[in-house]
Amino acid sequence: MSIGQKIHEKDVIVTKNSSSVGVIFEDGTILALGENSVLSVDKYLFKPAKNQFLVDIDMQKGTASFESGKIGKLAPKSVKFRVPEGTVGIRGTKFYVEVK
């Protein structure tokens, strides 16, 4: 991954040993992944003019820091962050998660 690279629905982000990545989505959502992480962006929709919002992320392993952006404020029920043993409900907040 390189600076300015676009992420699309169904993309899988993988970090290896001694690597990390930070992603800023169009709505201002911030996602940081630590080393040895695997995460997929299953769906992302940000069309405020049409009142259409959706963030659906699936983390398979690793560590992540997540801070919701405008979607989390405008349509908090439209944000899903799934992990192998559950789903994190986002309500305009920040959190850190570790999946082993």
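The values are calculated or read from the model by the stated rules, or taken from the named source; none is laboratory data. Nothing here was measured: the structure is a model prediction, and the numbers come from that model. Note that each Cβ is placed from the backbone with ideal geometry, even for glycine, and that neighbours are counted across all protein chains shown. Areas reflect the complete protein model, heavy atoms only, side chains present, ligands, DNA and RNA absent. Shrake-Rupley method; radii C 1.70, N 1.55, O 1.52, S 1.80 Å.
So, counting K/R as plus one and D/E as minus one, what does the shell of residues with Cβ under 11 Å around Thr15 add up to?
Combined, the nearby Lys, Arg, Asp and Glu give +1.
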Taking a probe of 1.4 Å, how large is the accessible area per residue of the chain, in Å²?
62
How long, wide and thick is the chain, going by the Cα atoms along their three principal axes, in whole angstroms, largest first?
41, 31, 20
Stretched out fully, how many nm does the piece from Ala32 to Lys61 gain, at 0.36 nm a residue minus the Cα gap?
9.1 nm
Of the candidates Glu85, Glu35, Glu26, which one comes out as most mobile in a Gaussian network treatment of the chain with C-alpha springs shorter than 10 Å?
Glu85
Among Ser40, Ser18, Ser65, which one shows the highest mean-square fluctuation when the chain is modelled as a Gaussian network with alpha-carbon springs under 10 Å?
Ser18
Determine the relative contact order of the chain: mean sequence separation of Cα pairs under 8 Å and six or more apart, normalised by residue count, in whole percent.
23
Which lysines, on any chain, are close to Lys77 with Cα under 24 Å apart, when same-chain ones fewer than 8 places away are left out?
Lys10, Lys43, Lys47, Lys50, Lys61, Lys94
